[in-house]
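Peer 1: First the structure, then my questions, so here it is.
The values are calculated or read from the model by the stated rules, or taken from the named source; none is laboratory data. It should be emphasised that the depicted structure is a prediction, and the values quoted were computed from it without experimental measurement. Counting neighbours? That spans all protein chains shown, and the Cβs are built from the backbone with ideal geometry, glycine included.
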Amino acid sequence: MPIEISDKTIKRDFIEKIIKLSGQDINQCFQCGTCVGACPMSDKVDTVPRKLMRMAQYGLEGPVCDSTAYWTCASCYSCSVNCPRGIDLARVMEAIRLLTLRKTNEDKVKLSELPEDLVKDLPQIAMVSCFRKLTS
């Protein structure tokens, strides 16, 4: 299925920000698809990881940020462990999340809006993980 791209503007600064935030050279990815095969969430995303990486390599900020794949990423590191090029794709996904949160300046979850009973019952590590992933 071809991806329709409305904003075809290559943004080199977007590429540089991903590389700087993630510490990963996304240009090393050669689209082998190992990450997709290892990803437990690949059937739940609108764009599989290798396609998201390709769009990031091209600096297509609009299509990358419009995807929901980096929000769905479980950060399980299966992709990173199996990548033949040694790319930590989970860190790339986190960098894209951070860039999106910074751009929109809107947190995806707000502590003040969570029910008090839920906050009491949730494990602290789950709360920390949630806030790390969904807030800027």
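Peer 1: Kindly provide the set of residues from region 52-82 that are out of contact with any helix residue (DSSP H, G or I) (no Cβ under 6 Å at 6 or more places or on another chain) and either farther than 18 Å from Thr100 by Cα or not assigned by TED's automatic domain parsing to the domain that holds Gln28 (or both), ordered by number.
Peer 2: Cys76, Val81
Peer 1: Now, a different point. Do we find that Val81 is part of a helix (DSSP H, G or I) and within 12 Å of the chain's Cα centre (by Cα) in this structure?
Peer 2: Considered against the rule, which asks whether it is part of a helix (DSSP H, G or I) and within 12 Å of the chain's Cα centre (by Cα), Val81 comes out as no.
Peer 1: Could I ask something else about it? From the list Ala90, Ala126, Ala95, pick out the single residue that is at pLDDT below 70, of a type in the set (A, V, I, L, M) and not in a loop (DSSP other than H, G, I, E, B).
Peer 2: Working: Ala90 fails: at pLDDT below 70; Ala95 fails: at pLDDT below 70.
Just a single option satisfies the conditions, and that option is Ala126.
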